[in-house]
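Q: I am attaching a structure below and will ask some questions about it afterwards.
Quick note: the coordinates plus some simple rules give every number you see, no bench work behind them. Here the structure is a predicted model, which means the values were calculated and not measured. Using ideal geometry, Cβ is built from the backbone for each residue, glycine included, and neighbour counts are taken over all protein chains shown.
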Amino acid sequence: MCIKKLILLIVIAFSMQGTISAQTQQSTFFLQTDFDELFMNDSFKISKCVIYLSNFKFYNQSQLVFEDKAKAHLIDLIDPSPLQFTMPKNQVYNRVSFNIGVDSSTSVAGILTGDLDPRKGMYWAWQSGYINFKLEGILNTKVQQPFQYHIGGYAGKLNAIQTNTFEVYPNNKYILTFKFMPMLKNCFAKEQFEIMSPQLKAVQLAKLLSENTTCTKVQNLSNE
């Protein structure tokens, strides 16, 4: 291919990219935890925290206007990257919903790839499905007490998936905060330092995390 044709193709590619950008908008969510509160207290050390967020849907009132094509996002909450969704430029919405965890249809779908690849270490077996989130660390009291909570389950009363819904609007950025302290206090008070399978206690802890998840607007970043 001659140099002139190559340059022309590059110019066309950048032109098309600019056109696409002009026709779309980004919905951005930064992710954080209450781990700063834990790290200020030497009695805690978090070594692992990974979570599945899935089924992102945006609504205008009750009408579904945009749905994330990805089945699920596996996120390291110790060092998270923002979640961004590209949608039509003039799309109007005022609400977002998403799941903490992986739904039953995905859990029984067989071998999947990407963030749902079993090699990511977040899949038990087809009977138990995916681990919705893992939290591991050490409680420093008189002795070092390891703790590990692998929370999941999709069948019947052991279905631990949780759905959160928040008010959001175009041209703004938001922070999703996952607060684990209530869950940890609940477990430590009962001296329960390990959950590694679907069970009613796992469902309770999943609900605690969901109830203590918040969504706040990043101030001074609105383009409205």
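Q: Can you work out the Karplus-derived ³J(HN,Hα) for every residue in segment 119-132? Use 6.51 cos²θ - 1.76 cosθ + 1.60 with θ = phi - 60°, whole Hz, and x for glycine or proline.
A: Values, residue by residue: 5, 6, x, 10, 10, 7, 5, 5, 5, 10, x, 8, 7, 6 Hz.
Q: Return the inverse of the average 1/r over all pairs of distinct C-alpha atoms in the chain, which is the Kirkwood hydrodynamic radius, in Å to one decimal.
A: That comes to 19.5 Å for the chain.
Q: Related question: Check the straight Cα-Cα distances from Lys57 and name the aspartates and glutamates below 18 Å, setting aside those fewer than 8 residues away within the same chain.
A: Within reach: Glu67, Asp68, Asp103, Glu167.
Q: Taking 7 Å along the Cα-to-C-beta vector as the label spot, tell me the Gln61-Gln192 distance in nanometres, rounded to one decimal.
A: Between Gln61 and Gln192, the label points sit 4.3 nm apart.
Q: Would you please name the chymotrypsin sites (Phe, Trp or Tyr not before Pro) within segment 108-160 that are DSSP coil residues with at most 14 other C-beta atoms within 10 Å of their C-beta?
A: Counting only loop positions with at most 14 other Cβ atoms within 10 Å, the chymotrypsin sites (Phe, Trp or Tyr not before Pro) in segment 108-160 are Trp126.
Q: Taking K and R as +1 and D and E as -1, what net charge do the other residues with C-beta under 15 Å from the C-beta of Phe193 add up to?
A: Taking every Cβ under 15 Å from that of Phe193, the sum is +4.
Q: Counting other Cβ atoms within 10 Å of each Cβ, which trypsin sites (Lys or Arg not before Pro) in segment 41-115 have at most 16 and sit in a DSSP loop?
A: Sites meeting the loop and neighbour criteria: Lys69, Lys89.
Q: Then there is this: With an 8 Å Cα cut-off and a minimum separation of 6 or more residues, compute the relative contact order for segment 69-224 in percent.
A: 24 percent
Q: Please report how far the C-alpha centroid of segment 57-99 lies from that of segment 120-192, rounded to the nearest whole angstrom.
A: Here the two parts' Cα centres lie 20 Å apart.
Q: Same structure, new question: Give me the one-decimal nm value for the distance between modelled label points at Glu167 and Lys89, 7 Å along each residue's Cα-to-Cβ direction.
A: Going from the Glu167 label point to the Lys89 one covers 2.9 nm.
Q: Report the label-to-label distance for Ala125 and Asp34 in nanometres (one decimal), using points 7 Å from each Cα along the Cα→Cβ vector.
A: With each label point 7 Å from Cα toward Cβ, the separation is 3.6 nm.
Q: Among the lysines, which fall within straight-line cross-link reach of Lys45, defined as a Cα-Cα distance under 27 Å, with same-chain neighbours fewer than 8 residues apart omitted?
A: Lys120, Lys134, Lys142, Lys179, Lys185, Lys190, Lys201, Lys207
Q: Shifting gears a bit: Identify which of Ser197, Ser104, Ser62 has the largest mean-square fluctuation in a Gaussian network model of the chain, with springs joining Cα atoms closer than 10 Å.
A: Ser62
Q: Report for the chain the percent antiparallel among DSSP-assigned beta bridges with both residues inside it, nearest 5.
A: 85 percent
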